[in-house]
Amino acid sequence: MKKTFQLNIEGKNRDRVLEATKHEIRQYIKRERRKTLADGVDFWDFDCRFGTHPDNAQDVHFATLTALIDAVAKEGGDAFYLELLAKPGHRGARAEAGPADDELV
């Protein structure tokens, strides 16, 4: 998804447009995650770019999208650009935990 979302639409409440925008993004994420995984792939990850225009979009972490959208809305921005591209994700092995130091002896 590569899209510029307008927040100020004539005749529509800005708060409702903001919520509809977030809903559209969530639906896209759900749709992408439902796709069948290839062999050796653990989950669908996303490459994310965010900015007020496509020219100034920067790479951001997926978990920060909602906070970034809210920040643009709070500052009174008219629009924002979002680029979400699904990619295969691979989980790394967790570090093994040693004996608990706080055990009672």
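The values are calculated or read from the model by the stated rules, or taken from the named source; none is laboratory data. All of these numbers come straight from a predicted model, not from anything done at the bench. A quick note on method: Cβ atoms are made from the backbone with ideal geometry, for glycine too, and the neighbour counts reach across all protein chains shown.
Annotation for segment 9-30: no member residue is touching a helix residue (DSSP H, G or I) at 6+ places or on another chain (Cβ under 9 Å), within 30 Å of ARG91 (Cβ to Cβ) and in a strand (DSSP E or B). Screening PHE50, PHE5, PHE46 for residues that are in contact with a Ser or Thr (Cβ under 7 Å, 6 or more places away or on another chain) and part of a strand (DSSP E or B) leaves exactly one candidate, PHE5.
Among residues of segment 50-77 that are touching a residue at least 40 places away in the same chain (Cβ under 8 Å), those with a Cβ under 8 angstrom from a residue that is part of a helix (DSSP H, G or I) and of a type in the set (Lys, Arg), sequence gap 6+ or separate chain, pair up as THR66/LYS22; ILE69/LYS22; ALA73/ARG14. Of all residues in segment 9-36, those satisfying the criterion of being among the polar types (S, T, N, Q) and either at pLDDT 95 or above or within 21 Å of THR64 (Cβ to Cβ) (or both) are ASN13, THR21, GLN27.
Of all residues in segment 2-51, those satisfying the criterion of being more than 22 Å from ALA79 (Cα to Cα) and hydrophobic (A, V, I, L, M, F, W, C) are LEU37, ALA38, VAL41, PHE43, TRP44. Across segment 53-81, the qualifying residues are those that are of a type outside the set (Gly, Ala, Ser) and assigned to a loop (DSSP other than H, G, I, E, B), and the one among them that is nearest to LYS3 (Cα to Cα) is HIS53. Can you find a residue in segment 27-39 that is in contact (Cβ under 8 Å) with a residue 12 or more places away in the chain and out of contact with any Phe, Trp or Tyr (no Cβ under 9 Å at 6 or more places or on another chain)? Yes.
Among the residues making up segment 1-38, those that are charged (D, E, K, R) and loosely packed, with under 10 Cβ neighbours inside 10 Å are GLU10, LYS30, ARG34, LYS35. Only one of the numbered conditions (1) in a loop (DSSP other than H, G, I, E, B); (2) hydrophobic (A, V, I, L, M, F, W, C); (3) touching a helix residue (DSSP H, G or I) at 6+ places or on another chain (Cβ under 6 Å) is violated by ALA93, and that is (3).
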